[in-house]
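The values are calculated or read from the model by the stated rules, or taken from the named source; none is laboratory data. Every value quoted in this text rests on a predicted model; they were computed, and no experiment measured them. Using ideal geometry, Cβ is built from the backbone for each residue, glycine included, and neighbour counts are taken over all protein chains shown. Each accessible area value is taken on the protein alone, full model and side chains, heavy atoms only, with ligands, DNA and RNA left out. Shrake-Rupley method; radii C 1.70, N 1.55, O 1.52, S 1.80 Å.
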Amino acid sequence: MSGAAVSSVIWRVTDIFMRYRFLKNMLGTKHRFAYVWYYLGSLFYGQLNVRFVLTGTSWGNLIYLCGCAFTLNMLLFHGSAVKKVFFTVWMYCAPEVACGIFLPLFHGLAVTNGQSGVSDAALEMIELAACLTLYAMMELLSRNLHVLRQDFEDRDALYLMFIILFICQSIAMLLNLYTGIDGWKQENVFAVAIPCSLTALFGEILSVYCVVTLNRRLVERLAKQQYQMLGKHLEISKEQYCQIVKIRHDIKNHGLCLSKLLKDGNIEEAVHYLEQMKLRTEQGAPLIRTGSVFADALLNPKFRQAEEMGVELSVRLTVPDEETIAPVDLCCLLSNAFDNAAEACQRSAQAGYPAGRIQIMSRMHTNYWVFEISNSVHTPGCVRDGKFLSSKRGSVCGIGLQNIRAVVDRYGGVLDLQWGTQFTLSVMLPLTSKKPPSASIE
C-alpha cells in the first residue's frame, strides 16, 4: 500500500472519529460498539456514492450524504429527530462554508501564477482546512451546549439549522458565480476573491455567534429558574423564622400561666394546658427531617399543602450532604419532582377522583444515591416516541422535568420514568461522601 493510500485511510478514520465523538457528546449512543457501526456505515454509503456516482451535483451530493448520515444517526444515537437533523446538516454545511473562505484565495493565487484553475493538491489543502474548521466549531458547540444539552430544545436546533442552511446556500451561490467566470485578469482576481472569502468568513462567524448567543440565553434561563427557586426558599425560611420568634415570645406567657395554675393547685387544668401546648407544637413541627436544612425548609410546607388536599404521603427520604450535591441542585430536583406529583394528584381531585397517594423513597449506597417518587394517576399519561408527554400545552416534557434532567446530567446520573396507573420517577446520582442521617414519616 502506497504512502498516499495510508494517509487517506488515516485521514478517513480520523474524520469519522471526530464526527462520532461530537455526536456521542451531544446525543449519547444507543449501543456499546456504536463507533464500529458508525465507521462501517459511513464508509459504506460514502463508497457507494463514489462507485455508482449516485449524485452528479454538489447539492445532490450534499443531500445524499445528509440523508444517509441522518439515517445512521437515528439508529445509533439518542435524542429527538429534529436535533439529529440539525447536527447532521450542520456537520456537512459548515465545511462547505469554510471552503468558501479558502477556495477564492487559492483560485486567485493560481490565476496570478498563470494557471487556469485550482490544482488537485490545492483542492486537498482546501478540504483539509475546511475539515479543521469544522473540528474547531464542533469543539466550540460541544463546550457551549454539552452541559446544557437537555435545555437545548428542538426549536433551538431548528433556529440554528435554518441559519446554517441560509449561509451555506448563499456562499454556494456566490462561489458558483465566482468560479463560473473565465478569463480572469491578474490585477482583478484578488479584488473579487478577497470580498468573496470575507463574506464566507463572516458567514462562519455568524453561525458561531448564534451558537454563543444561544448558549448565553440557555444559561440565563437556567439561572433565572434557580434564582426563582432560591427566592421561594428565602420566603419559606422567613416564614419559619417568624414562627420561631412567635413561639419564643409565647413561651414566657405559657410559663407564667402554668406557674399560676400550679400555685393555685389546679393540677388537672395545668396538665390540660400542657397537652394543648404539645398539640400546637406538633402542628408547627416539621413533618420530615432529611439532614439538609435547605431541603427541610423547601419540602415541609409542600408536604403540608399536599396533606390539606387529602393526599396520602409515605416518605422515607435521605439526601446527600452539601459536599456531594449543591443545595440549589438538590432543592431543584426534590421540589420539581414533588410539585409534579402533587399537580398530578390535584388534577385527579379536580376531575372528581380521590387525591391519591405520593410515595417517596431514597437509599444511600457507598457510591451512589437512589431517589424515587411515585404518585397515583387515574388518567394514564400519553407517550410519543418513548417519551412522556406533559399535560401542559402538549409538550414532550414540562419545565420541571427538564430541570430534573439538567441536574441529573450535571452530576452524571441516570433518570428513569415509568408510567401507567402510577407514575414513577427514579434518579440515581454518584456519590463520594459519607451517608447522612435519614428521616421517615408514614
Point to revise | Hits in the stretch 328-353 (condition: crowded, with 17+ Cβ neighbours inside 10 Å and among the basic types (Lys, Arg)) | key: none
**Study point:** Any hit, the stretch 71-88, residues being under 30 Å from residue 196 (Cβ atoms) and either open to solvent by 20 Å² or more (accessible area, probe 1.4 Å) or among the small types (Gly, Ala, Ser) (or both)
**Key:** yes
Study note, to complete from the structure: residue 325 vs (1) within 21 Å of residue 228 (Cα to Cα); (2) surrounded by fewer than 21 Cβ atoms within 10 Å (Cβ to Cβ); (3) among the β-branched types (Val, Ile, Thr): all pass except (2)
**Study point:** Top-ranked residue of the stretch 52-67 - restricted to ones that are over 14 Å from residue 96 (Cβ atoms) and of a type in the set (Gly, Ala, Ser), ranked as surrounded by the fewest Cβ atoms within 10 Å (Cβ to Cβ)
**Key:** 56
Point to revise | Residue among 22, 17 that alone is more than 23 Å from the chain's Cα centre (by Cα), of a type outside the set (D, E, K, R) and closer than 22 Å to residue 144 by Cβ | key: 17
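If only one of 395, 433, 390, 440 is within 17 Å of residue 299 (Cα to Cα), at pLDDT below 80 and surrounded by fewer than 19 Cβ atoms within 10 Å (Cβ to Cβ), which one is it? Lay out the reasoning, then the answer.
Details: 395 fails: within 17 Å of residue 299 (Cα to Cα); 433 fails: within 17 Å of residue 299 (Cα to Cα); 390 fails: within 17 Å of residue 299 (Cα to Cα).
Of 395, 433, 390, 440, the one residue that is within 17 Å of residue 299 (Cα to Cα), at pLDDT below 80 and surrounded by fewer than 19 Cβ atoms within 10 Å (Cβ to Cβ) is 440.
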Exercise for review: Enumerate the pairs (first residue in the stretch 196-219 and free of Cβ contacts under 8 Å to residues at least 60 places away in the same chain; second residue anywhere and surrounded by 14 or more Cβ atoms within 10 Å (Cβ to Cβ) and acidic (Asp, Glu)) with beta-carbon separation below 9 Å, excluding pairs fewer than 6 apart on the same chain, so at least 6 apart or on different chains.
Suggested key: 217/156
Point to revise | Residue selected from the stretch 31-51 under the condition at pLDDT below 85 and in contact with a helix residue (DSSP H, G or I) (Cβ under 7 Å, 6 or more places away or on another chain), by the criterion surrounded by the most Cβ atoms within 10 Å (Cβ to Cβ) | key: 49
Point to revise | Any pair with Cβ under 6 angstrom, 6 or more apart, that starts in the stretch 68-94 at a residue that is without any contact (Cβ under 8 Å) to a residue 40 or more places away in the chain and small (Gly, Ala, Ser) and ends at one that is open to solvent by less than 20 Å² (accessible area, probe 1.4 Å) and in a helix (DSSP H, G or I) | key: 69/88
Check your understanding: Out of (1) part of a helix (DSSP H, G or I); (2) among the hydrophobic types (A, V, I, L, M, F, W, C); (3) modelled with pLDDT under 90, the odd one out for residue 181 is which?
Key -> (1)
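So for the stretch 152-163 (the condition being closer than 19 Å to residue 105 by Cβ and either out of contact with any Cys (no Cβ under 8 Å at 6 or more places or on another chain) or surrounded by fewer than 13 Cβ atoms within 10 Å (Cβ to Cβ) (or both)), does at least one residue qualify? Lay out the reasoning, then the answer.
The first filter runs over the stretch 152-163 and keeps only residues closer than 19 Å to residue 105 by Cβ, leaving none.
Checking the stretch 152-163: not a single residue is closer than 19 Å to residue 105 by Cβ and either out of contact with any Cys (no Cβ under 8 Å at 6 or more places or on another chain) or surrounded by fewer than 13 Cβ atoms within 10 Å (Cβ to Cβ) (or both).
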Exercise for review: Can you give me the number of residues within the stretch 286-314 that are open to solvent by less than 60 Å² (accessible area, probe 1.4 Å), in contact with a strand residue (DSSP E or B) (Cβ under 6 Å, 6 or more places away or on another chain) and part of a loop (DSSP other than H, G, I, E, B)?
Suggested key: 4
Check your understanding: Could we say that residue 193 is of a type in the set (A, V, I, L, M) and either modelled with pLDDT under 70 or in contact with a Pro (Cβ under 6 Å, 6 or more places away or on another chain) (or both) here?
Key -> yes
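Is it the case, given these coordinates, that residue 24 is within 25 Å of residue 204 (Cα to Cα), open to solvent by 70 Å² or more (accessible area, probe 1.4 Å) and modelled with pLDDT of 85 or more? Spell out the reasoning first.
Working: within 25 Å of residue 204 (Cα to Cα): yes; open to solvent by 70 Å² or more (accessible area, probe 1.4 Å): yes; modelled with pLDDT of 85 or more: yes.
Answer is yes for this residue.
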Study note, to complete from the structure: Within the stretch 330-382, restricting to residues that are charged (D, E, K, R) and within 15 Å of residue 309 (Cβ to Cβ), the one that is nearest to the chain's Cα centre (by Cα) is 339
Review point. Residues in the stretch 124-134: is at least one among the β-branched types (Val, Ile, Thr), assigned to a loop (DSSP other than H, G, I, E, B) and open to solvent by 20 Å² or more (accessible area, probe 1.4 Å)?
Key: no
**Study point:** Matching residues, the stretch 12-45, being without any contact (Cβ under 8 Å) to a residue 12 or more places away in the chain and not basic (Lys, Arg)
**Key:** 14, 33, 36, 40, 44
